[in-house]
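Below you'll find the structure, written out as structure tokens, and then a few comments.
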Amino acid sequence: MSAKRLGRGLESLIISEPESQFAKPGVAKILLKSIKPNPHQPRRDFDETALEELVASIKAKGVITPITVREAKEGYELVAGERRCRAAKKVRLKAIPAYVINVKNESEMMEVALIENIQREDLNPMEEAEAYAVLNSKYNLSHDAIAKSVGKKRVTVSNALRLLKLPVEIRKSIRKGKISGGHGRAILQAKTIASMNKLWRVILNKDLSVRASEALVKSKPRKTNTTKVIHSTAPIRAIENQLIELLGTKVKLKPGQAGGSIEIIYFSDDDLERILDLLQSL
């Protein structure tokens, strides 16, 4: 198996070792007892049925895809391949094929684990969102930087992170596969916690598709805010300046006889995505 199977960006991390230690070029046979768990494992949920199927496969054909490890002070530390390690231990293998890579820091270690899991489609939407959140908050990676690391569009990363704003029970249902990440983003349009929970229960009870869920949100009549009205005599320029400062772009207020409109100017697709991300975070 070539280094390319590991995904973009990982080829440069593979360490060349003496040929006698490898089943194939770049792959070493490592004792399972010398491998410590990955403290930054993005995957939290392991399906027992799928694990037993992997055990059966390993019994029949061995470990086909090597795990990924890095050297530690004593032995090795797992970077990616938790399920394969667990299954190999159940089969009572003594050693497992592994790529030994050079990871510079904890942030890079998590990136590699995240990349491998995403490319293998092993993470559920909540695990993916939580991993992005750690890279963003703990390691100060911007949405752009995360997107480049994992080969995704920035808006995809931003939309994944939005799922963390959902109520706990709804996040649990996404984690368990009862609803999808698309359902979660539709639910977020409901705005209040009470309305989110109500919509979630309807989706579960009626087994609604994502598109039907979005249509249901849009069909809900919006309450008219009568407590705060901007009259034509209000300081329009001052309000425009506040919005310009908030959104970081040109904004125009167009008052009418009853209400009015707000015009927000954007200068590129990236600028539009930035403004949308900002509005969604408010």
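Restricting the stretch 48-86 to residues that are small (Gly, Ala, Ser) and more than 23 Å from the chain's Cα centre (by Cα) leaves a set whose member that is nearest to Ala113 (Cα to Cα) is Ala72. Contact map, the stretch 185-196: residues that are part of a helix (DSSP H, G or I) paired with residues that are aromatic (Phe, Trp, Tyr) and surrounded by 14 or more Cβ atoms within 10 Å (Cβ to Cβ), Cβ distance under 8 Å, separation 6+ or inter-chain. Pairs shown: Ile187/Trp200. Just so you know, in the stretch 187-245 the residues that are closer than 30 Å to Ile170 by Cβ and of a type in the set (Gly, Ala, Ser) include one that is modelled with the lowest pLDDT, and it is Ser219. Whenever a residue of the stretch 133-149 is closer than 14 Å to Leu164 by Cβ, its partners that are assigned to a loop (DSSP other than H, G, I, E, B), lying with C-beta atoms within less than 7 angstrom and at least six residues away or across chains, give the pairs Leu135/Leu141.
Report whether or not Ala129 is at negative phi and surrounded by fewer than 16 Cβ atoms within 10 Å (Cβ to Cβ). No.
The values are calculated or read from the model by the stated rules, or taken from the named source; none is laboratory data. All figures in this text were calculated on a predicted structure; none of them were measured in a lab. Note that we place each Cβ from the backbone using ideal geometry, even for glycine, and neighbour counts take in every protein chain shown.
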